[in-house]
Amino acid sequence: MSHAQVPSLNTTHSGVPERLAIEADAAKARLCSFRTLPESKPRKKAVRLPPNTSRDSFDIAINALVSILGEKGVEVNDKELRDGWYMEHPNTHDAFHIVDQEEMVCSALAYPASVSEVQAIVRWANEFKIPIWPISMGRNLGYGGAAPRVPGSVVVDLGRNMNKILKLDENSATCMVEPGVSYFKLYEEIQKRKLPLWIDTPDLGGGSVLGNAIDRGVGYTPYGDHFANHCGMEVVLPDGSLLRTGMGAVPGKDGADNPTWESFQHAYGPAIDGIFSQSNFGIVTKMGFWLMPESGHQSYMVTFPREEDFEQIVDIIRPLALKRILGNIPQLRHAVHELAVTGRPRATWYTGSGSLPRAAITQALKTMPVGDVSWVFYGTQYGDVASIASQLDIVKSEFSKIPGSRFMLPSELPADHYIHSRVQVCSGVPILKELDWLNWKPNAAHLFFSPITPTDSKNARIVHNLIDKLHQKWGFDTMPTLCIAGREMHYIANIVYDRADEDEKRRARGLMREMITAAAKEGFGEYRTHLLFADQVAETYSWGGGALRKFNETIKDALDPNGILSPGRNGIWPKSYRGNGWELIGQDSLESVAAKL
Ligand code: ADP
C-alpha cells in the first residue's frame with residue numbers, strides 16, 4: 001500500500017474531512033507498518049461470473065448495462081484485488097476476507113446516478129437474471145464489507161454518484177440523505193451551516209448514514225439506535241417500482257415531498273419500514289433521520305479491578321439505564337481494549353500464541369494510566385451543568401459500591417488516552433481513532449460476534465463465559481465491547497485475525513461457528529453477523545418450526561420472483577436458490593467454500 005495522502009472529502013464522497021487529514025495519514029502509516037501482505041497479487045481466476053452465466057451471455061448483459069448507464073457507469077471486476085484500508089476500501093470484495101480473498105467477489109460494478117437509473121438496473125437484472133448487490137458506502141467491515149453473498153453478483157455502488165444531503169432542517173432537527181452521505185459529510189455540512197444540531201456516529205465516521213441504519217448499526221449519543229431514529233424511506237422494489245414509506249406516501253402540495261415525511265414514523269396502516277432493514281426486499285434510495293439538538297455533555301470512565309466484578313457492574317447498570325439516568329448507549333469494555341486502543345501491537349506485551357494469559361494482561365496494564373483493572377465503563381451524561389452534576393452524583397454513588405472501582409474524568413487522563421475519543425464520539429463528532437486497535441496483529445482484520453444479552457448478571461455471565469472459553473479454545477484474545485441499551489446489551493466480541501495467516505482465518509471461522517451454536521443453545525441470538533454466517537444465525541431464529549424464515553421467504557418470493565436482489569442476505573434465499581447448496585449451515589459448509597479456490 002503506497003503511503004500517499006488519504007483522499008479528501010472535498011474530492012470524493014468516501015474521503016476524509018480536512019480536520020482529520022493528518023490523523024488519517026498517521027493511521028494509514030501505522031497500519032501499513034504492520035502489513036506484510038503485498039498491496040495486491042495477480043488474480044487466480046479472471047472475472048468471477050454470476051451463477052449459471054456463460055462469459056458470452058455475461059458480455060451481452062454488460063453491454064446492455066453500459067447502454068443504460070454509459071461507459072463510466074459500469075466496471076467489470078477483472079483487475080487485481082486490493083484490500084486497501086478503512087479510508088481507501090474496496091467495493092469489489094470483502095477487504096476483511098475470512099475465506100480466500102477471491103471467493104467473495106463481484107463480477108462487475110454499476111454506478112447509478114439517479115433513482116431512475118437504480119430502477120433501470122433492477123429491470124436489467126430481471127431481464128438477464130443476474131443477481132445484484134446494492135451497497136451504500138461498502139464499509140461494513142467485520143460483517144462482509146462490500147462483498148456480495150453470491151460471488152459474481154453485480155455490486156450496485158449507490159454511494160459514488162448518489163451522495164447528496166437532500167434536506168437539513170434546523171427547526172424540525174431532521175435530515176433526508178442519499179446512500180453515499182457519510183457521517184463525516186453530514187457532520188461537516190452541519191458545522192458549515194453552523195446549525196445547533198448533533199448527528200449520531202458509530203465509532204468510525206466513514207460509513208454511510210443510510211447504510212448503517214438499514215443494517216441496524218449503533219452509535220453512542222441518546223440517538224444511538226440508528227434505525228429507531230430514522231424517519232421515512234424511499235425504496236426501489238425488486239420489480240423496479242418505487243415506494244415511499246411513512247408520511248412520504250402522502251403526496252405533498254403541488255408535487256412537493258410530504259412535509260411530515262421526516263417527522264412521523266408510523267403513518268397509517270402497517271408500518272413497513274422494518275422489512276427493508278437487514279433484508280433483501282428493496283434498495284433504499286433516500287432515508288430521513290432525526291438529529292439531536294446540541295447539548296451539554298460530560299464523559300467519564302469507571303474502572304473495576306476484578307474479572308468477577310462483571311456481575312455487579314451489570315446489575316448496577318440496568319436500573320441506571322432503565323431510568324434513563326444513563327441517557328446514551330454507554331460501553332463496557334474488557335481491559336484488554338485498554339492495550340489495543342493504544343495502537344500498539346499485541347507483540348509489545350506478549351509474543352506467545354493462544355489467548356493472552358491473565359498474568360501478561362496484568363503486567364501490561366500496570367504500565368497503562370488505568371493500572372491493573374479488568375473492566376472499563378465509558379459513560380457520558382447530557383444536559384445543563386446542574387443536571388449533569390446531579391446525574392453524576394448518582395452514577396458515582398452506584399458504581400462506588402464495587403470495592404476498588406475508580407471514577408475518572410477526561411481531564412485526569414493523559415492527552416493521548418482513548419477517553420478523549422469517547423468524548424468526541426459521544427457528542428456526535430465522527431472520528432477515526434477506533435482504527436487503532438487494528439494494529440493488534442499484522443495484516444489485521446476483524447470479525448464481530450454480536451449476541452443480544454439481557455442486562456442481568458446471570459445471563460450476561462453465561463454469555464461472557466461461553467465466549468471467553470471458546471476464544472481460549474480457538475486461540476484468540478477475548479476483547480468484548482458491550483453496548484448497553486437498557487434491557488439488553490449488544491455484546492460485541494471483536495475477533496482480530498491476521499489476513500495473511502490461513503490457519504488464523506480457519507480458527508476465526510471455527511470460533512464464530514461454535515459461538516453461534518453455543519449461544520443459541522442457551523437461548524441467545526445475534527443482532528447482526530458477517531454474511532458468511534448469515535445462514536447459521538438465521539437458522540437459530542427457529543421458533544415455531546422456522547415461522548420467521550417462512551414469513552421472510554413468502555415476502556421474498558412475492559416481491560422478487562426472479563431472486564435478483566441480494567440473494568442470501570441475512571439468510572433469506574429466493575425460491576430458485578433454496579435447497580440448492582447455497583446455504584452455509586453445518587460446521588463444514590464454510591470449510592468447503594474456503595477450500596474451493
Ligand atoms: P456502511 O458502509 O455504511 O457500513 P454498506 O454500504 O456497506 O454500509 O451497507 C451495509 C450492507 O447493507 C450492504 O452490504 C448491503 O447488503 C446493505 N445495503 C447498503 N445500502 C443499501 C441500500 N441503499 N439498499 C439496500 N441495501 C443496502
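Table for the structure above
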quantity: Considering residues of segment 289-317 that are within 25 Å of the chain's Cα centre (by Cα), crowded, with 23+ Cβ neighbours inside 10 Å and not aromatic (F, W, Y) only, the residue nearest to the ligand (Cβ to nearest atom); calculated: L291
quantity: Unique match (being closer than 20 Å to E307 by Cα and of a type in the set (K, R)) among K469, K505; calculated: K469
quantity: Residue check, E583 more than 16 Å from the ligand (Cβ to nearest atom), in contact with a helix residue (DSSP H, G or I) (Cβ under 6 Å, 6 or more places away or on another chain) and in a loop (DSSP other than H, G, I, E, B); calculated: yes
quantity: Pairs with Cβ under 7 Å, 6+ apart, first in segment 496-516 and under 9 Å from W474 (Cβ atoms), second surrounded by fewer than 17 Cβ atoms within 10 Å (Cβ to Cβ) and small (G, A, S); calculated: R507/G475
quantity: Scan of segment 34-58 for residues that are modelled with pLDDT of 90 or more, within 23 Å of Q5 (Cα to Cα) and either in a helix (DSSP H, G or I) or hydrophobic (A, V, I, L, M, F, W, C) (or both), ordered by number; calculated: L37
quantity: Members of segment 485-522 that are farther than 27 Å from D83 by Cα, in a strand (DSSP E or B), open to solvent by less than 10 Å² (accessible area, probe 1.4 Å) and of a type outside the set (F, W, Y); calculated: M489
quantity: Segment 119-148 residues that are of a type in the set (D, E, K, R), paired with ones that are within 9 Å of the ligand (Cβ to nearest atom) (beta carbon under 6 Å, 6 or more apart); calculated: R139/H89; R139/G206; R139/G207
quantity: Residues of segment 73-88 satisfying the condition of being farther than 18 Å from T36 by Cα, open to solvent by 20 Å² or more (accessible area, probe 1.4 Å) and part of a loop (DSSP other than H, G, I, E, B); calculated: D78, K79
quantity: Selected residue [at pLDDT below 95, in contact with a strand residue (DSSP E or B) (Cβ under 9 Å, 6 or more places away or on another chain) and open to solvent by less than 30 Å² (accessible area, probe 1.4 Å)] from V181, V236, V218; calculated: V218
quantity: Wholly within segment 95-182, strands (runs of 3 or more DSSP E) carrying at least 1 residues that are under 29 Å from S8 (Cβ atoms) and among the charged types (D, E, K, R); calculated: 154-157, 165-169
quantity: Residue in segment 245-288 that is most open to solvent (accessible area, probe 1.4 Å), counting only those that are within 16 Å of the ligand (Cβ to nearest atom) and in contact with a Pro (Cβ under 9 Å, 6 or more places away or on another chain); calculated: K286
quantity: Within segment 563-588, tally of residues that are open to solvent by 40 Å² or more (accessible area, probe 1.4 Å), of a type in the set (S, T, N, Q) and touching a residue at least 24 places away in the same chain (Cβ under 8 Å); calculated: 2
quantity: Residue within segment 332-353 that is at pLDDT 95 or above, aliphatic (A, V, I, L, M) and open to solvent by 20 Å² or more (accessible area, probe 1.4 Å) present; calculated: no
quantity: Output for segment 124-177, where each listed residue is within 14 Å of the ligand (Cβ to nearest atom) and aromatic (F, W, Y); calculated: W133, Y143
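The values are calculated or read from the model by the stated rules, or taken from the named source; none is laboratory data. Everything quoted here is computed from the prediction, not taken from an experiment. All Cβ positions, even for glycine, are placed from backbone atoms using ideal geometry, and neighbour counts span all protein chains on display. The accessibility values were calculated without ligands, DNA or RNA, using every heavy atom of the protein model including side chains. Shrake-Rupley method; radii C 1.70, N 1.55, O 1.52, S 1.80 Å.
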